[in-house]
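Comments concern the structure below.
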């Protein structure tokens, strides 16, 4: 069975270590925060100038001056801090964020990512995504394995304009957990009940299958 | 009569306009603050991270955490602010300081300044002097016209290692106020009772004397 | 002392002239200089180059300048909330330069800090790198990015004093701090003017040296783009 | 939450090893990390490369490391208050790179901010420019300066919490803020540890993300280099 969005988030949450500073993109990545175990303390970074992002506010606590990078109203935890945009991206570019999780339209077998622009269709801009993918050593892409038309999003080469080149090292989809190696996507884990063949069929880029591929433990 | 150090400072103070942000170097430049007219408000910048530097403290108000760039204990005025060194030099390099006054060993007729190093003798370092001279549009050098050996400090070419090249535009010495023009030092004002000839004799670099040279009004 | 305070945006609107490059602080609609934005929208100024992380929403914030066709060119990182803009861009009615958000913030800070250019890894291998020098330091690829300055920077703070010292609240700081540094002329509007000496000098976000004029704004709407509550999720 | 707090410098001294590059905050003797400086001076660590605006005075502050011959190389802007250093330099017992103060601060910030190199006008036409690329932007000459990082950055703040958030007092901030960003490992010592939540999140100078360990220092001497009083002048 392919993973739900929540399960993708749940699997990614297992990659988190105690004390991590994490930047979570919009969509599935945001859900990851819900699956961090209680005994693990993470600090969420929001690139508009916030460390220690807390839960969404109650109606009484809403403040227009306190939003996240997705422009949602949020709160700050007692150990948090506010700062300006230049400082916020100093944290990102300087490699101070331990883990970045973001979505993508496409990922290539050489670690390129396309996530910001569909020529002729979507011209919203890259926001902070290019900064995030260029800077982090530890990036996980969270996405569906195929698009709505059933086409693979794990490609030999991205067809859309890139957000970053040679930067993605790990991908969690509804079908699998994969790492980007020298020669292609290395299949590390299968979604429960999903066969290697199914994953192979849904992967346009080179898929490297070495030995037995275990099922994910969620 | 050659100017005293206090009179050099007094003459420089006449160049100050209301609202100026000013950085004053160690020595004669520091004295300039004493001659700012009451109806003119200036804000003193100290490059170790202070705007709105106030007078020296009383014994009861001394605080080891509050010093100026000369490492003297100081105070802060009610409209002042503290900030870090990177921000402090952003102010300097970014051209936000309206006037910089500093001393020099030598100034050349092309506006070079040597003020930080005497090879084999003095190796203390340039501190913030190179940043200040490279950044400011409005720099006044305050110094004696000749050194202790009676040699001119206004030269065709500096003999000592430079602090900055082609950056000095105005000089006030004990003998004269001069500007640095395309072809040399332009004599603008004489110290009271000092003749053009005396100034000429004390100036090794090209001295340009156009028309009557007025005496300074202090 | 010399006060930088004026009464309202009306006293300053004459500084904004046709063809100028204007920076406007804010992230989305958070921390935008509403009073100056409205004053410009009410003026006949045109051909502006606007540097801002976003471009407002349809008919609010900088979206008003778009509706009135006051903007010639935009430098921003994300314009997703503005449909009018997308139409104008497709019709060629406005020029657009997308700048990665961190590069935008850093180019602005550099402009204020006297750094003409710097290298970043952001955008290497993407269309952002096109036409830019690429260079390797310690085995990693970087591109050269140039500083940005503005003829006028419009920023919004929470509190300010007559000396131009500014304090921000929460995430409303965002681009306002760096833009204050990068304006050849910087105009700050604040929710509350406070007496000199009431701001802690250790906690001033923007020292007054960067601010030429300041006023207490009025009628802040502070619209929320995505109201999200705990019990909804 | 995970606490970054330890008891004292003794718990951290093992991070400082022979041959490392160490940044130490402070301007003159103002805001220097006295506890960690003393701990290193009491250790047998040698061959350090030290990045600091100044190098202490004879036998106080970083001057202690000099006396014990623990320093191989220094990057600083001004060492005027240290006679022992001048002698060592003349004898070739220590290497020295003088860096203009603003360039030093910016190179450190760049190191922390993921900027490998940037251009500045400071030092153009002087010996500081020797061996560096020179380049013209908009008709003005600039030189290329490279980022600095440290294996360990030692910083001193006024207050801090277990999350590593730091607040400075007055001009004791100086180089400490940028150095906190540039340490691969950053150790902060503070005069007072305060409970989580007692620092205003709008007024934290160094967010905890930059700090790996923190402790409350003891026996701060806070020596004054040039006591200058109003009635003396």
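Things to note:
- From its DSSP helices (H runs of at least four residues, each -39,500 (n - 2.57)), chain A gives a residue-normalised ellipticity at 222 nm of -4000 deg cm²/dmol.
- Distance between the modelled labels on residue D:97 and residue C:18, one decimal in nanometres: 5.2 nm (7 Å Cα→Cβ projection).
- For residue B:14, label point 7 Å along C-beta direction: distances to other copies, nm: 8.2
- Calculated from the alpha-carbon coordinates, the stretch A:1-125 shows an Rg and a Dmax of 15.5, 48 Å respectively.
- Cβ-based exposure ranking for D:229, B:50, D:90, in which fewest neighbours within 10 Å come first: D:90, D:229, B:50
- Once the C-beta distance of residue C:6 and residue B:58 is scaled by a Förster radius of 35 Å, the resulting FRET efficiency is 0.40 to the nearest 0.05.
- Scaled to the globular estimate 2.2 N^0.38 Å, the Cα spread of the stretch D:171-233, given as radius of gyration, is 1.43.
- Label-point separation, residue A:200 to residue A:6 (7 Å along Cα→Cβ), nm: 3.4 nm
- Between the stretch A:194-208 and the stretch D:38-68, the alpha-carbon center distance in angstrom: 59 Å
- Across the protein assembly as shown, Cα-Cα distances exceeding 42 Å account for 36% of all pairs.
- Chain D: equivalent-ellipsoid semi-axes (sqrt of 5 x gyration tensor eigenvalues, Cα, Å): 28, 22, 18
- Volume per residue of the C-alpha convex hull in the stretch D:94-160, rounded to whole Å³: 137 Å³
- Among D:60, D:137, D:85, the ranking by other beta carbons within 10 Å of each residue's beta carbon, starting with the fewest, stands as D:137, D:60, D:85.
- Between 0 and 90°, nearest 10: helix C:101-113 axis offset from chain C longest Cα axis: 60 degrees
- Debye intensity ratio I(q)/I(0), log10, the stretch A:148-218, q values 0.19, 0.25 Å⁻¹ (C-alpha model): -0.76, -1.25
- Taking the stretch A:131-153 and a reference point 7 angstrom along Cα→Cβ of residue A:166, the backbone N atoms nearer than 20 Å belong to A:131-141.
- Put simply, the C-alpha atoms of the stretch B:74-209 give a gyration tensor, and the ellipsoid matching it has half-axes of 28, 17, 14 Å, longest first.
- With label points defined 7 Å past Cα in the direction of Cβ, position residue D:89 shows copy-to-copy spacings of 5.4 nm, given to one decimal and shortest first.
- Nitroxide proxy distance, nm - points 7 Å out along Cα→Cβ at residue D:68 and residue A:122: 5.8 nm
- Projecting 7 Å from Cα along the Cα-to-Cβ direction, the label point of residue A:38 sits 7.1 nm from its equivalents in the other copies, listed shortest first.
- Cut-off 14 Å, label 7 Å out along Cα→Cβ of residue D:185, residues of the stretch D:135-161 by amide N: D:150-155
- Relative exposure of B:158, B:167, judged by other C-beta atoms within 10 Å (fewest first): B:158, B:167
- Percent of beta bridges antiparallel (DSSP, the protein assembly as shown, rounded to nearest 5): 45 percent
Readers should treat all values here as calculations from the given coordinates under stated rules, not as data from a laboratory. Predicted, not measured: the structure shown is a model, and the values here were computed from it. Virtual Cβ from ideal backbone geometry, glycine too; neighbours counted across all protein chains shown.
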